[in-house]
Amino acid sequence: MTAPSSGRTVRGAARPGARVPAYWAPDGAVALWNDLAAGRSAVESPPASPFPEDVRSAWAVPRFDPRERAVAPRQPVEGYGVFTFPYGPVSMGVPEAGRFDVRTYGERVLELVPRVGYKSRRILASLVGLTPADAGLRVERLAGNFAAAHVSAFLAAAESAAGRAVPSRDAWVRAVAQEVQRIYNHVHVLARLAEAASQNVGLAQAHALAEEMLRVAGATFGHRWMFGALLPGGPVARLGPSDRDRLARTLDRLSEEFESLWEVFQGSRTFVDRIQTTGPVGRDEAEHWGAVGPTLRATGAAWDDRLRVPVVPYDDLFLPVAVESAGDALARLLVRVQEVRSSFLLLEQMLQRWPRAEEAPVDPAPPVGPHRGIGRVESPSGDLVYDVALRDGRVAAVGLRTASDANWPVFAVGMRSQVFTDFHFAWESFGLLFAETDR
Amino acid sequence: MSTWLGRAWARGILTTRYPAAPAADDEAPETGRPPMPTRPLDELAEAPGSCPTGAIGPAAVDQGKCIRCARCRAAGFALTGPVEASGRRRSELVWPGGRPGATVPEAGLAPLGRSVHVFLVDVGSCNACNLEVLALANPYYDATRLGIFFTNSPRHADVLLVVGVPTEEMVEPVWRAYEAMPAPKAVVAVGACPTSGGVFAGNAGLRPGLDAVLPVDRYVPGCPPPPVAILDAILALIGRGRPRAGEA
Ligand code: SF4
Ligand code: SF4
């Protein structure tokens, strides 16, 4: 299930003035990609979809795969001395394979076009015909630092497609894994911002805290990135009574560690000055382009899948939703800081209420078509949706919309009229992954 | 500033003793280590079928293909092998009988000397390998104490650390980065992806491994390899790694 086919073109939705509500971000994004696709050749021709084009539901997810190599609203700029500066795909500043074309006349960014597709590993097509457990090994390696979110969403979709109830414990283990990984990723963003601001002492300490989160994952799930731990036959999550006590104590210490670290960051004027007003995105722009996750919440919209699509165990936990209003890199960081706190809080609640995890199996979400299900989770960078169809218990087709897919155009808009020296602050604050788009 | 220093003082020294001491459990959790048969391979009849990447053969285990998914535990394997599992040639990662094979010692890249500058190139990774390489800079591993420095340009690099399975689109960029490096230079394939294609081996449009693109000097198995294993591979390249089976 890839690439917008001609029958699914919804070109009109992204025209200037047409407001796309944030929760319909998938449609906004599809419209955008359709526009961009005009005149561009896809990297590879999409395999035929087994579904009629009109399969829709309340949770409708467009079936597309952004093979197009540019993901940004185009606003061609010409003028005296304007040139294109290609940044990437090999650079240490962005340690992933991807490129940015920067239109500039020297310092100010007039237009920024992210170029994706360099590391397209053709993963989705390769899932067809595998059992969900085997496909899961590839899904978690689609974006390694978001593995827990990807695998949880994929498995939820597959379970919904199969109509198979999930053991309650599995649902809880997935939630613990996701929250641990969310803390890691948010702290990692803090470390990268500190690096961009040359806050070397802060960088070292944030980097150390991120490493501690990886070690927590390693000790609890047998894998620093939790690969395999949420799949049958993989490393078994160690969450017995004594493990839970130890984990709770470690998390307690790390949460205090985080607070004292953030207090010092907060007091650093040079650091705060660098990210304040950097890469600003207005609420209108965020909703128009279909922003998700901390990027959306930093503009004042209180959308969090953990609250809007409550599944076990989130339906039973207290989760304060993090919202900021300024829409700049600082606001996005403040949202992440609050989310680190709320994730520690969620973990504490889950560990306290663990006996409930041993209760009755959880019903899967209702299927959205014959043998076809949707799985939707809040990944560290935002709303992540998997759309999985099964045939005879094996994967027949997979579609997905990642947070990065949704946020590329928002990043491009946020970079307009910024100076290029601000690039890294803006880039890190969005938490975008080329790996999530190049699949 | 005093607050920063106060915090640092209160935390004390975090840095690992590796490579002076062997890797600790928290540095290399279960899946950070290669799978080893608990009985002779030919007694584990059902083993080959249980491996999703075909790493387990009837007479040998190809660590370069292994993605450390731990499924072979049911067939009598345990992920308990040495962290120092990297090899100079692809064949050194194929362990006869499931044990590290004996290899003939040969001169490493001695001309590189005792300190190296490394440059990271992603040719199609899932980002976990990138982050494990970057983790070498954190206070727990502090690669600078061993004379390993990250550089921002391939023109200043001695060692190219390549992560990910080479996609068609990245063949030219990685080759150009390699060409830009001054000699003597070395290439390290970090992880199962550049070593064998890993879990993505056989996907359309992917090169079967990095050695189809560049001359590779060292292969590091693992998916991803833990930072200590990457550290060891860089040190082994300049003759400073921990002693390992089969190498002088
Ligand atoms: S851990 Fe390695 S050898 Fe064992 S089943 Fe997984 S890929 Fe195969
Ligand atoms: S070897 Fe594994 S962890 Fe590394 S890039 Fe490949 S899939 Fe990701």
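Annotations
- Degrees, to the nearest 10: B:2-11 long Cα axis against longest axis of chain B: 40
- Taken residue by residue and averaged, Cβ atoms of other chains lying within 10 Å of the Cβ of A:118-131 number 5.
- Relative contact order of the range B:11-248, pairs being alpha-carbon contacts under 8 Å that are 6 or more residues apart, as %: 25
- The range B:11-248 - share of DSSP beta bridges that are antiparallel (%, nearest 5): 35
- Working note: Karplus 6.51/-1.76/1.60 with θ = phi - 60° gives the range A:386-392 the couplings 10, 10, 10, 10, 10, 9, 6 Hz, where Gly and Pro are set to x.
- Assuming charge only on the beta carbon of Lys and Arg (+1) and of Asp and Glu (-1), the dipole of the protein assembly as shown about its Cα centre is about 620 debye to the nearest 20.
- Treating each Cα of the protein assembly as shown as one equal point scatterer and applying the Debye formula with no solvent, the log10 of I(q)/I(0) at q = 0.05, 0.06, 0.10, 0.12 Å⁻¹ comes out as -0.21, -0.31, -0.92, -1.41.
- Looking at the range A:91-132, the GluC sites (Glu not before Pro) that sit in a DSSP loop and have at most 12 other Cβ atoms within 10 Å of their own Cβ are A:Glu107.
- For residues of B:147-156, the mean tally of beta carbons on other chains within 10 Å: 1
- In a DSSP loop and with at most 12 other Cβ atoms within 10 Å, the GluC sites (Glu not before Pro) in the range A:339-435 are A:Glu359.
- Projecting the Cα positions of A:Ala171, A:Ala153, A:Phe265 onto the charge dipole of the protein assembly as shown (unit charges on Cβ atoms of Lys, Arg, Asp and Glu, taken about the Cα centre) puts A:Ala153 furthest along the positive direction.
- Linear extension gain, A:Arg164 paired with A:Arg356, 0.36 nm per residue minus alpha-carbon span: 67.1 nm
- Residue of B:Glu169, B:Glu132, B:Glu84 that the Gaussian network model of chain B assigns the largest fluctuation, springs spanning Cα pairs under 10 Å: B:Glu169
- Charge dipole (the range A:312-399, unit charges on Cβ, about Cα centre) - positive-most of A:Leu384, A:Phe344, A:Val395: A:Val395
- Peptide ranges B:18-30, A:155-167, A:81-93 listed from the most packed, as the mean C-beta count within 10 angstrom indicates: A:155-167, B:18-30, A:81-93
- The charge dipole of the range A:93-229, taken about the Cα centre with unit charges on the Cβ atoms of Lys, Arg (+1) and Asp, Glu (-1), comes to about 320 debye, rounded to the nearest 20.
- Computed log₁₀ I(q)/I(0) - Debye formula, equal Cα scatterers, no solvent, chain B, q 0.11, 0.13, 0.17 Å⁻¹: -0.57, -0.79, -1.27
- Peptide A:95-105 is shielded by partner chain Cβ atoms: per residue, an average of 3 of them sit within 10 Å of its Cβ.
- Size of charge dipole - the range B:11-248 - debye, nearest 20, with Cβ of Lys, Arg +1 and Asp, Glu -1, no other charges: 400
- Fewest-first ranking of A:His188, B:His156, using other Cβ atoms within 10 Å as the exposure measure: B:His156, A:His188
- Here r is the Cβ-Cβ distance between A:Ala133 and A:Ser325 and R0 is 35 Å; the resulting FRET efficiency, rounded to 0.05, is 0.20.
- Computed from Cα positions, the angle between helix B:227-237 and the longest principal axis of chain B comes to roughly 80 degrees.
- Note on A:Leu296, B:Leu160, A:Leu384: ascending count of other Cβ atoms within 10 Å places them as B:Leu160, A:Leu384, A:Leu296, the fewest first.
- Between B:Tyr140, B:Pro208, B:Ala55, the Cα set farthest toward the positive side of the dipole of the range B:11-248 (charges on each charged residue's Cβ, about the Cα centre) is that of B:Tyr140.
Every number here is computed from the coordinates shown, using simple stated rules; none is lab data. Fair warning: this is a prediction, and the values are worked out from it, not measured in the lab. Cβ: placed from backbone, ideal geometry, glycine included. Neighbour counts: every protein chain shown.
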